[in-house]
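Below is one structure, written out as structure tokens; comments come after it.
The values are calculated or read from the model by the stated rules, or taken from the named source; none is laboratory data. Quantities reported herein were computed from a predicted structural model and do not represent experimental measurements. With ideal geometry, Cβ positions are generated from the backbone for all residues, glycine too; neighbour counts draw on all protein chains shown.
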């Protein structure tokens with residue numbers, strides 16, 4: 001379990017992380033989402049004890065990570081897949097890491113097999129592709145057989161097969177009762193992977209929400225209505241807090257009434273509906289609108305996409 | 001996949017049902033502080049890891065070999081071309097046969113200093129240092145382990161190269177006869193080897209302090225190797241007081257059996273040089289602990 005309590009990190013004038021509080025529970029995959037520069041990596045570095053918080057705490061299984069005798073057996077992490085010496089072999093890289101935590105060399109071969117690098121373990125890691133580098137980073141995270149696994153943007157550089165592989169791997173780890181905390185700036189990467197989401201923007205917590213709750217938010221507020229006597233129906237639907245925008249001649253978009261309510265109005269007034277479509281937004285859309293106000297560097301097209 | 005993960009340490013991850021539910025019910029008010037302080041890994045594990053990291057990079061062996069080769073080769077050249085009648089050597093200071101045989105140290109000390117910088121700063125440039133700090137937990141242990149590995153490696157290679165230089169230098173020596181007491185020669189051999197170890201450690205300390213290969217090498221070369229030459233341009237009244245306390249000048253006193261009024265006594269030189277090395281490593285440790293990694 002990872003517990004972050006009132007965590008704040010200030011660099012000069014800027015608040016990189018602003019009073020964050022959340023708990024990452026065992027048994028599920030938790031996605032850590034936020035736009036670029038929202039403070040995800042800073043938060044993860046504070047959980048790892050690399051950056052010291054301006055205030056607040058971050059603990060792993062109840063203790064700051066640095067106070068664990070063998071940190072890798074409590075928390076396995078991937079921070080930056082490029083953090084290897086290019087002329088050192090993958091096997092030596094992992095063996096050095098294993099030695100620091102008193103782990104046997106046999107464990108190095110095991111994790112190399114788990115991530116599918118068993119064949120190339122003795123090769124220089126500098127010759128690895130981006131995807132192989134990610135797999136090596138994940139191997140390092142699994143090395144100590146930890147209760148908690150924390151991965152920063154692990155999907156970066158993986159091909160579709162690799163993404164599928166990591167999704168299954170993380171699901172298995174969670175099913176074994178481990179805490180799995182995975183960051184990404186793309187909802188599309190996370191929506192099939194995570195059961196719970198911690199969403200931040202400009203260092204602040206925006207939502208600490210289950211995937212189901214998030215999907216419920218994706219059910220739009222608007223309903224597309226087509227009817228034969230559309231003008232009559234529009235007249236009947238008007239009311240306080242109800243917004244009706246006409247599309248083409250036979251369609252209106254209604255906000256403030258559910259599709260059920262619209263159906264009943266039509267039924268009691270003998271109006272034949274041609275179609276009644278509740279707007280369904282993608283989770284990406286929901287994520288974009290949640291973080292829209294907090295995106296630091298916004299391009300014009302991005303604003304439109306989120307609108 | 002799943003089995004491979006669980007079979008290795010079946011006790012570690014708790015069964016999914018039990019753990020998630022019990023924790024969910026208890027988290028609401030107070031977090032369960034069930035943290036078990038796992039026994040600490042002995043420091044020897046961290047040292048072994050650093051040893052493996054040091055020697056598993058091909059450039060390390062090449063660099064140390066180059067330093068050893070430079071020491072022996074230049075020593076032999078200087079010894080072989082010494083003239084028999086004149087006070088030998090290119091400079092008057094290099095009149096002692098043992099000094100001549102160690103004339104290559106001027107190059108190999110730079111190589112070893114750079115190796116020390118790169119061993120540390122290289123991990124800052126790849127980001128590997130963060131992995132090391134997070135995996136070990138206590139940063140001081142990483143610094144001490146790196147220092148131990150660097151010291152042992154440089155001491156081994158340095159002692160072999162310096163001894164070989166002195167012996168081979170004598171074998172090809174063409175200058176006028178001179179005799180040295182065996183104990184004096186041993187003092188020089190150990191002094192020179194320890195100087196090389198210290199220079200490597202100063203390089204490592206600068207790597208931690210500056211966190212950049214270019215900055216570390218620049219400071220090392222400018223501050224330790226070239227800087228003292230520039231100070232020579234200042235008035236003697238000034239340099240006579242301060243020069244001998246610089247690491248390079250203290251080192252010069254450790255590396256010769258010839259007494260020189262411009263240098264510290266051997267004992268004082270060891271004390272001053274040690275203070276430099278320990279001081280810089282201490283500063284490195286202090287900065288590394290209080291800075292974000």
So if I check each of B:210, B:168, B:196, which one is touching a helix residue (DSSP H, G or I) at 6+ places or on another chain (Cβ under 8 Å) and under 18 Å from residue B:283 (Cβ atoms)? B:210
Check residue A:157 against each of (1) farther than 17 Å from residue B:131 by Cα; (2) out of contact with any helix residue (DSSP H, G or I) (no Cβ under 6 Å at 6 or more places or on another chain) and name the one condition it does not meet. (2)
Out of the residues in region A:127-150 meeting the condition of being closer than 24 Å to residue A:106 by Cβ and more than 11 Å from chain B (Cβ to nearest Cβ), tell me which one is surrounded by the most Cβ atoms within 10 Å (Cβ to Cβ). A:135
When (1) surrounded by fewer than 23 Cβ atoms within 10 Å (Cβ to Cβ); (2) at pLDDT below 90; (3) within 14 Å of chain A (Cβ to nearest Cβ); (4) in contact with a helix residue (DSSP H, G or I) (Cβ under 7 Å, 6 or more places away or on another chain) are applied to residue B:125, the one that fails is (2)
For residue A:189, all conditions in the list (1) in a helix (DSSP H, G or I); (2) away from every other protein chain (no Cβ under 11 Å); (3) touching a helix residue (DSSP H, G or I) at 6+ places or on another chain (Cβ under 6 Å) hold save one; what is the number of the exception? (3)
If you go through region B:70-80 one residue at a time, do you hit one that is part of a loop (DSSP other than H, G, I, E, B), at pLDDT below 90 and away from chain A (no Cβ under 14 Å)? no
Would a scan of region A:125-141 turn up a residue that is modelled with pLDDT under 95, in the same structural domain as residue A:48 (by TED's automatic domain parsing), outside any helix (DSSP H, G or I) and out of contact with any helix residue (DSSP H, G or I) (no Cβ under 7 Å at 6 or more places or on another chain)? yes
Inspect region A:110-126 for any residue being within 12 Å of chain B (Cβ to nearest Cβ), in contact with a strand residue (DSSP E or B) (Cβ under 9 Å, 6 or more places away or on another chain) and under 16 Å from residue A:83 (Cα atoms) and give the result as yes or no. yes
Out of region B:271-293, which residues are without any contact (Cβ under 8 Å) to a residue 24 or more places away in the chain and away from every other protein chain (no Cβ under 14 Å)? B:271, B:275, B:278, B:279, B:282, B:286
Enumeration of residues in region A:221-246 that are closer than 30 Å to residue A:289 by Cα and either within 35 Å of the chain's Cα centre (by Cα) or in a helix (DSSP H, G or I) (or both): A:221, A:222, A:223, A:224, A:225, A:234, A:237, A:241, A:242, A:243, A:244, A:245
Among (1) surrounded by fewer than 24 Cβ atoms within 10 Å (Cβ to Cβ); (2) at pLDDT 90 or above, which single condition is residue B:84 missing? (2)
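Matching residues to (1) free of Cβ contacts under 8 Å to residues at least 12 places away in the same chain; (2) surrounded by fewer than 13 Cβ atoms within 10 Å (Cβ to Cβ):
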{"position": "A:228", "(1), (2)": "no, yes"}
{"position": "A:232", "(1), (2)": "no, no"}
{"position": "A:235", "(1), (2)": "yes, yes"}
{"position": "A:245", "(1), (2)": "yes, yes"}
{"position": "A:252", "(1), (2)": "no, no"}
{"position": "A:258", "(1), (2)": "no, no"}
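Looking only at helices (runs of 4 or more DSSP H) that fall completely inside region B:180-277, which ones have 1 or more residues that are surrounded by fewer than 19 Cβ atoms within 10 Å (Cβ to Cβ)?
Counting at least 1 such residues, we get B:182-210, B:213-220, B:227-231, B:236-242.
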